[in-house]
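Comments concern the structure below.
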Amino acid sequence: MPSSHVIGPVTAAPPSARALLRDVFGFREYRPDQEEIVEHVVAGGDAFVLMPTGGGKSLCYQLPALVRPGAGIIVSPLISLMKDQVDALQAAGVSAAAYNSSLEAGEARRTLATLHSGELDLLYVAPETLMTESFLSRLHEIQEGAGGAGIALFAIDEAHCVSQWGHDFRPEYVQLGRLRGLFPGVPVIACTATADPQTRDDVRARLSLSDAPCYVTGFDRPNIRYTVVEKREPLHQLKVFLDGRPGEAGIVYCLSRKRTEEVAGKLAAAGLPAAAYHAGLPAGERRRVQDAFARDDLLVVVATVAFGMGIDKSNVRFVVHFDLPKSIESYYQETGRSGRDGMPAEALLLFGLGDAAVVHSLIEGGGRGGANGEPGYERDPEQVRVELHKLSSMVGYADGLTCRREALLGYFGEPYPAPCGNCDTCLEPPETYDATEHAQMALSCVYRLRQSFGIAHVIDVLRGSESEKILRFGHDRLSTYGIGANVSRDHWQSLIRQLIHRGYLTQDIARFSVLKLTAKAQPLLHGEEALVLAKPRTRVATKKQRKAADRSARAAGLAGLEVDEALFERLRALRKRLADAQRVPAYVVFSDATLAEMAARKPATEADLLEVGGVGQTKLERYGDAFLEVIAGGEGSGSDESAPY
Ligand code: ADP
Ligand code: ZN
């Protein structure tokens, strides 16, 4: 029998998955669906698992790999991701390793030796490594060889990478389709967070898993608070937001590489340390940023969507969209990188007047190379149509006045009964007003301008500006000149934006973004219809408002217990010291959720500490004393100077 799972004496009967859940991972309960999936795979079944980011996919293959004899082979697309997962497993006392092109020859040999001797419970491999003939024949040998424990399972993480429909297609994933046929007796489990049904079916077909049961967990992420504010002086809005969240880690997504550098530079100049990340940076710099972020040495990364899959950090507390994402799918996936540990997290979207138009032209102009600098390619008109449709759904969401969660989950086909109580529209319902008259003014002004001018000029005419352009065109003689002078420019901008997004006006992107009326505008223009719009919201929540809200949210997750914030900070500092000493990310030691529970329950004994979610046997042995001491208020409890912030 291989020397499995370090924990407890080696007995004839393998430990149950439930016992391992508690002893190794320190969790008392399964999350929804985890148990069913684990039991199914333990019994040798294939599975296709669809769970939101942070839902807890890893356990679905890690536990069966521990229970079943032999090593579980885990396919993961990014080497950096493998390393973090292996670190986290080792910290919990599991025998895990990674095998990929980054290993030195000696290390690679040692890893293979542990695989052959049956000492490994989990081996993470890159797809291109796994599918080489030499590696496959090695696995066949292990599977068929006498005395060996064989292969526990194959797990394919980020399985959507196999589909060209998905947004992360990786050619090296395609070969994985052969696995199912090559190893008939070994269960294959594929996991992804990509929801869209087309991609889902494609992935299953390509991996020969069409007959495997499909587990779809609810997509709700209740701990994430969704907020959309109107973009005005976005840099200032971002600074206010960051000022209110000192010491917290987060990601700011921008649409272009250039913008990430600009924003990161300006934040740094304002004393808010941040680094840029995009695919155009040298590999070494990208790795440096990613590692520093993983270790809590760098708190804010301003990035393009290239900063994504490798982010396994569980204590990302916020995701800001500085620019409009291209689809609700990307938005949901990106915001989903916050709060994986189940603690309160925030998703802030700054939504500006011109944003939809910019994304629109990026989609249409994809042939000139996208924002991520992919090589130029001819855009398939059907693809463009699909993307534009997705964009308009995104705009509809950003502009919506109803519960954000209801809108998001509804988009993914999961009805949700609003209100959720944890999004901006639920917490602070938007103020609306009768916009009929103002809308008529704006629409008729567009008409008088012969549908040949852009937003800025329309507003100038409405407000009676005496600009040179107005005088030159004689627009001061129009009947709509100055009829909206008593209304602010900001108000007009917000109104016109809403008219565009509700389909009364279009912006002709190909022709200097001039405004045109649509057929829908007629009844409104002729007074046959009324229109209710939202008052613009531009304020981001300040620190004080948020802290109060957070405390109650945290307490809710802890059955009414109050988190001792000062103790929480001390525990966080201790975690950072321990993690640095071991050169692993802080969350590998304990998650924020675990620290918060410690700071609420204040365990005094080892037995009490074991009751805290996330504390298993190995971590108790390794870290128990240090944490108990700080909780008891002993040595180290006041030494905050080593905290990174
Ligand atoms: P995913 O891969 O689906 O994005 P992970 O497997 O990384 O998510 O899990 C996200 C977080 O949830 C991790 O911090 C993990 O430790 C935690 N988690 C997973 N399952 C449980 C559970 N049953 N109880 C408590 N926490 C859990
Ligand atoms: Zn809501």
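The values are calculated or read from the model by the stated rules, or taken from the named source; none is laboratory data. All figures in this text were calculated on a predicted structure; none of them were measured in a lab. Here Cβ is always computed from backbone atoms with ideal geometry, including for glycine, and neighbour counts include all displayed protein chains.
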Single match in R497, R472 (criterion: among the charged types (D, E, K, R), surrounded by 14 or more Cβ atoms within 10 Å (Cβ to Cβ) and assigned to a helix (DSSP H, G or I)): R497
Kindly indicate whether E414 is of a type in the set (D, E), within 16 Å of ligand 2 (Cβ to nearest atom) and assigned by TED's automatic domain parsing to the domain that holds A347. yes
Could you check, for the stretch 494-511, whether at least one of its residues is in contact with an Asp or Glu (Cβ under 8 Å, 6 or more places away or on another chain) and more than 25 Å from T402 (Cβ to Cβ)? yes
From the set of residues in the stretch 619-645 that are modelled with pLDDT under 95 and of a type in the set (S, T, Y), which is nearest to the chain's Cα centre (by Cα)? Y645
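Can you tell me which residue within the stretch 407-429, out of those that are within 14 Å of Y397 (Cα to Cα) and not aliphatic (A, V, I, L, M), is nearest to ligand 1 (Cβ to nearest atom)?
This residue is F412.
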Options V228, V263, V252; residue that is in a strand (DSSP E or B) and closer than 10 Å to V302 by Cα: V252
Being among the small types (G, A, S) and either touching a residue at least 60 places away in the same chain (Cβ under 8 Å) or over 26 Å from A593 (Cβ atoms) (or both), is that true of even one residue in the stretch 321-331? yes
Going by the conditions given, is T114 in contact with a helix residue (DSSP H, G or I) (Cβ under 9 Å, 6 or more places away or on another chain) and hydroxyl-bearing (S, T, Y)? no
Out of the helices (runs of 4 or more DSSP H) lying entirely within the stretch 124-199, which hold 2 or more residues that are within 16 Å of ligand 1 (Cβ to nearest atom)? none
Here's a check for you: in the stretch 45-94, which residue that is within 13 Å of ligand 1 (Cβ to nearest atom) and small (G, A, S) is surrounded by the most Cβ atoms within 10 Å (Cβ to Cβ)? S76
So which residues in the stretch 417-469 are within 16 Å of ligand 2 (Cβ to nearest atom) and in a loop (DSSP other than H, G, I, E, B)? P417, A418, P419, C420, G421, N422, E428, P429, P430
Select from the stretch 78-116 the residues that are touching a residue at least 60 places away in the same chain (Cβ under 8 Å) and assigned to a loop (DSSP other than H, G, I, E, B) and list them in ascending order. L78, A92, G93, V94, S95
Could you please give the count of residues in the stretch 370-399 that are of a type in the set (D, E, K, R), in contact with a helix residue (DSSP H, G or I) (Cβ under 8 Å, 6 or more places away or on another chain) and modelled with pLDDT of 80 or more? 3
Looking only at residues in the stretch 398-411 that are in a helix (DSSP H, G or I) and free of Cβ contacts under 8 Å to residues at least 60 places away in the same chain, which one is nearest to ligand 2 (Cβ to nearest atom)? E406
Residues being at pLDDT below 90 and crowded, with 20+ Cβ neighbours inside 10 Å: count how many of those fall in the stretch 1-44. 2
